[in-house]
């Protein structure tokens, strides 16, 4: 088997060139540039082949970590510098110092080359990324049809925004807002924070950095943002990235705060007349609003060595050469990393580039420390609570600080191996042994039965083999991981430490309390499955009978299943928008109901997730029920009619019991899938928004693993979830006798 | 027998209401695919935007390797459907008709494979795939998808076999069939609705998955459709037009598969075979 | 055509249930043998072991000279008709009938000939193209029969084939089955719980209870000399009346003394002591004793069921209810007191223990 697998895997054309793979998160136009440059590079270096692969931000991060852990992965990763602290701490990227001399470094603009203290404690600094451009900085984009001169100060900003918040048709809803931006991400609030004199970390930056969020500056910034909406009413009630973007693109917003990645789209859009300006100065402090700026560049996989590492670095050298840097500037209109290109006359003459450069010079370098992630996670709920009107700015600042410190603490949590680890190991061994001995007679019986009566085993074996071949290794791996201290600081050198993770899971009040994640998960599962099955059966029964256009109905009703959920969930998120969403428009227009703040209030957001998931899931149950209905003999209904059973009684006493064998497995598995359904929560509530209040267990795990790198904890929680589901299934199947047949 | 009018009206009312609910969000996707300039959101209820364009659809075929991805996806999904149906129909039969040692335990164990949060299995799964040298192979993807789809399919088939009276097979065996022939000539044709659901489910599993595919497939020419489509999404600068247009096109084969299979779903076969 | 021989047959299920406990019997070539008994008595299990659908736990089954214990059902040269017909729903009537022959690679022309012949014999030629779901219950029954007939097997096995038909159809099919057997002359094993079918169809009846054969004999012999109280109660309708009492001084005295009767002729062979006296409803003679009948008791009528050609009188004898068949339309009304006698030679004496063996 193994050889067959390897044989199949190994086929394909053999190329003698050294292959360098790059995982990058470039945007579409940048990708074209990258591909063109790769062609040029390969022409110059016949022995090297460069293979680019686009990965979305989160996917790149998670995928790269997994790949390096497996001893593989791309030679190079390309992207903004914000992940470098994490990669470096995990030990999955190399120190680039041997490839770049001090003189070479001097040719780069300051901040373009990122270095971090070496993890060996030597006090050296390791070069973790060589940048080829700057970006990711926010600036003000305004529509010249409405705004002639961009605001220089926040007072200007408010005035212009007020003038441009217009309700032309007098329906009480502005047709145009003065200012829009993405409220949901604290990243977009940073310019306000810096404008009021604050910063995310204490200065000078310590190691590890300490958050500095509970400051008057933070409170003032939050207050200002709130005033924009509450007092000046120049921004929409709710606004995420996509809404802000669409409003500005359709001329329904005069100004937008957005990053350099979005500008070319705006500038090229024929229905607006966009221009980029530097963010204004805050009147109260006299300080400019300073966005975060990050270099983008290349890092080298810790596993890369020899020819591949050299080839990869040759490519990096090529991409940061003056020649390519100039092309980068000219083609992409992005600010390159090398001084020579930075001072190109084009930068001064192009108004966008000029504004961009000025904004970068005005900006603050984005911290690369892994702790920044904890800052975002810590800021987000309180920031959203202020915008949701449930928290005062000062209290929010305090909460941000507290939450962030908590996150950083759990991120850096060091678990010492328990002295009981050998005992634990012995215990597990003993338990396995006892189990083996106790089951020994079953095994013997199995062996005899297998010889005497091989047919059923032969029928069942192939499926069982395939199912378990895939799952056993990951499953055992997770069990081991749940006993380990795998985390940010111990990513590659994790140890088995004992049951501490389980203790922590069981003691976590956020999970098990009355308003805890667990109960919410149960609620989520029960409501969803109940509605899936109910609606599915109702529709199947409605379809199962003398209905005209049956085929068309059937087809239209499975549409929610047919269209990929990753887009329809996003559509639903749009439909739940407070101001522009179809749900509120329909509620208001046809039913005269007040608008519901679906995505802004915790309970409503949870309801929105449930509605979306019910929509996604009912067609599947309908198909199952339709299939099941075919098996019910018509005579039973005839007999029932003779007995004068009403339609309802027929349904209740014939249809439902006979659908049971077909519906039960579907419902059981449906419950399991729903319990573990990450996608809908993640897409509709945008990762647990608002205020991390919509989490179910699986999204909670996801967040602690992928945002706080608590692998051991996550594995332990997953195991607990597994046990919960196992217990549920055993009880459920026992009570419903689903493993037995109705006719026996 | 003709139904009372009020029942007919009730049927259509329920069906129409749900059809509206079903298709409206999808019409929204259509709307996104017709908008120029990658606007995910709109501020009104109009489905066809004033400035509609088919540019996104055109770009899919001219600028993107959409057809290549489509071919890949069709191949993988077809293979998974065939193996899934073959393995589930036999295993489900064993679980329904035979009483053997470890039967209940195995059935439960099959279910348990669905209970671990998939996101947590990704990392070890990648390690496994990489160690076995299955990166960038169809085989790796196929095994994984089949294994994912099988637990449901096996249980579903078992449920369907349970509704088929055992006496039919006994009759067949007396008529000279071996157990295998009885299964092939008598039981399988009668389990058609179950096979259809199994096939549909296997197909959908392989057709819409992208998280594992992203781990296994590292070369763009090996991408499946969902993986290609996900590529249109970038943090904060997604190509929503392409994304929506591709999503709509991706749904069409599913609709076609459903259309071609659904007639088997609605022809009651066991009716009248036996009298209980 | 063949004999069937069963020796020491046992069936034990994995759960421990012992369904068939050592039955032995020989079925002659061409015989119509009926297995009858209450549900759960092991008759169906025995039949299914003969068919090969259940594994034999112990014992031997021979069809002809061949030991068939380990032979697949399809190779035993048998055909079976199921209680629920078990027609293949996805096949037409024609294909249903031809299925068994096709599995045996019978030549196409031969299949066609046999199917047509069977269809003609059962008058279902017009149904050949239909699917089972388009047939009525009686038609399905005929198709199931046809499917068995075309195989021309050595032995027919019937598993309660008529129990799903309505009363009228059942009578009709019963007669047709008898006719069919006479024409084909094939050995038949027929399982039923209905004693009327057993009596009317069988050359011999095997009466089973709790996995054990209670009696094997020709229908009338069983009716006349039931081997024990169970058989006596099972065969005959209305069922036999039983009186608990004692044998004393050459006569039987019912408990409480409400009835007594001399046991001329049999008294010598039966020991004194507790016993159960069985009398069939038709063996009572209303009017008390005469030369053919011994006086028995005086009974009060509680219910009178007028059947037209006869009256079934429910009477109370010492507080226990018995049924008396009164021939003709002689007026019997509730409240009447009837002097009852028992026809000579119609008294069945059984042991008073649980087994209830026949004493005389």
_The lone exception for residue C:89 - which of (1) under 30 Å from the mean Cα position of the chain (by Cα); (2) surrounded by 15 or more Cβ atoms within 10 Å (Cβ to Cβ); (3) part of a loop (DSSP other than H, G, I, E, B) it fails_ = (1)
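Table: residues versus (1) crowded, with 21+ Cβ neighbours inside 10 Å; (2) free of Cβ contacts under 8 Å to residues at least 60 places away in the same chain; (3) more than 25 Å from residue A:611 (Cβ to Cβ).
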position: A:670; (1), (2), (3): yes, no, no
position: A:692; (1), (2), (3): no, no, no
position: A:696; (1), (2), (3): yes, no, no
position: A:705; (1), (2), (3): yes, yes, yes
position: A:711; (1), (2), (3): yes, no, yes
position: A:715; (1), (2), (3): yes, no, yes
position: A:731; (1), (2), (3): no, yes, yes
position: A:734; (1), (2), (3): no, yes, yes
*residue A:700: more than 7 Å from every other protein chain (Cβ to nearest Cβ), buried (at least 24 other Cβ atoms within 10 Å of the Cβ) and part of a loop (DSSP other than H, G, I, E, B), yes or no?*
no
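Conditions tested, residue by residue: (1) in contact (Cβ under 8 Å) with a residue 12 or more places away in the chain; (2) touching a strand residue (DSSP E or B) at 6+ places or on another chain (Cβ under 8 Å); (3) assigned by TED's automatic domain parsing to the domain that holds residue B:148; (4) surrounded by fewer than 24 Cβ atoms within 10 Å (Cβ to Cβ).
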position	(1), (2), (3), (4)
B:172	yes, no, yes, no
B:178	no, no, yes, yes
B:185	yes, no, yes, yes
B:207	yes, no, yes, no
B:212	yes, no, yes, yes
B:218	yes, yes, yes, yes
B:231	no, yes, yes, no
B:244	yes, no, yes, no
_Looking only at the stretch C:56-85, filter to residues that are free of Cβ contacts under 8 Å to residues at least 12 places away in the same chain and in a loop (DSSP other than H, G, I, E, B); which one of those is farthest from residue C:205 (Cα to Cα)?_
C:70
_All positions within the stretch C:25-54 that are part of a strand (DSSP E or B) and without any contact (Cβ under 8 Å) to a residue 40 or more places away in the chain_ = C:26
*Look through C:8, C:30 and report the one residue that is in contact with a helix residue (DSSP H, G or I) (Cβ under 9 Å, 6 or more places away or on another chain), surrounded by fewer than 21 Cβ atoms within 10 Å (Cβ to Cβ), on the phi > 0 side of the Ramachandran plot and more than 13 Å from chain B (Cβ to nearest Cβ).*
C:30
*May I ask you to say which residue of C:95, C:65, C:75 is more than 7 Å from every other protein chain (Cβ to nearest Cβ) and at pLDDT 90 or above?*
C:95
_Looking at the stretch A:639-659, can you tell me whether even one residue there is surrounded by 21 or more Cβ atoms within 10 Å (Cβ to Cβ) and at the interface with another protein chain (Cβ under 10 Å from one of its Cβ atoms)?_
yes
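Results for (1) farther than 26 Å from residue B:101 by Cβ; (2) at pLDDT 85 or above; (3) surrounded by fewer than 19 Cβ atoms within 10 Å (Cβ to Cβ), shown as yes or no for each residue.
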{"residue": "A:454", "(1), (2), (3)": "no, no, yes"}
{"residue": "A:458", "(1), (2), (3)": "no, yes, yes"}
{"residue": "A:465", "(1), (2), (3)": "no, yes, yes"}
{"residue": "A:477", "(1), (2), (3)": "yes, yes, yes"}
{"residue": "A:480", "(1), (2), (3)": "yes, yes, yes"}
{"residue": "A:490", "(1), (2), (3)": "yes, no, no"}
{"residue": "A:503", "(1), (2), (3)": "yes, yes, yes"}
{"residue": "A:517", "(1), (2), (3)": "yes, yes, no"}
*With A:599, A:603, A:587, A:593 as the choices, which residue is within 21 Å of residue B:45 (Cβ to Cβ) and more than 13 Å from chain B (Cβ to nearest Cβ)?*
A:593
*Name the one entry in B:42, B:56 that is within 9 Å of another protein chain (Cβ to nearest Cβ), modelled with pLDDT under 85 and closer than 25 Å to residue A:569 by Cβ.*
B:42
*Go through the stretch A:74-127 residue by residue and tally those that are within 14 Å of chain B (Cβ to nearest Cβ) and farther than 23 Å from residue A:54 by Cα.*
0
*asked:* Taking the conditions exactly as written (in contact with a strand residue (DSSP E or B) (Cβ under 8 Å, 6 or more places away or on another chain), in a helix (DSSP H, G or I) and not assigned by TED's automatic domain parsing to the domain that holds residue A:718), does residue A:384 satisfy them or not?
replied: no
*For the stretch A:357-365, indicate whether the set of residues that are within 30 Å of residue A:214 (Cα to Cα) and in a loop (DSSP other than H, G, I, E, B) is non-empty.*
yes
*Hits in the stretch B:112-145 - residues which are part of a helix (DSSP H, G or I), at the interface with chain A (Cβ under 7 Å from one of its Cβ atoms) and surrounded by 23 or more Cβ atoms within 10 Å (Cβ to Cβ)*: B:120, B:123, B:125, B:126, B:144
*Residue match in the stretch A:630-644 (condition: within 29 Å of residue A:718 (Cβ to Cβ) and in the same structural domain as residue A:527 (by TED's automatic domain parsing))*: no
*Has the stretch C:12-33 got at least one residue that is within 23 Å of residue C:165 (Cα to Cα) and in contact with a strand residue (DSSP E or B) (Cβ under 6 Å, 6 or more places away or on another chain)?*
yes
*Pull up the stretch A:48-78, narrow it to residues that are at pLDDT 90 or above and farther than 21 Å from residue B:130 by Cα, then point me to the one that is surrounded by the fewest Cβ atoms within 10 Å (Cβ to Cβ).*
A:49
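The values are calculated or read from the model by the stated rules, or taken from the named source; none is laboratory data. Treat the numbers as computed from the prediction; the structure is a model and nothing was measured. As a convention, Cβ positions derive from the backbone with ideal geometry for all residues, glycine included, and neighbour counts pool all protein chains shown.
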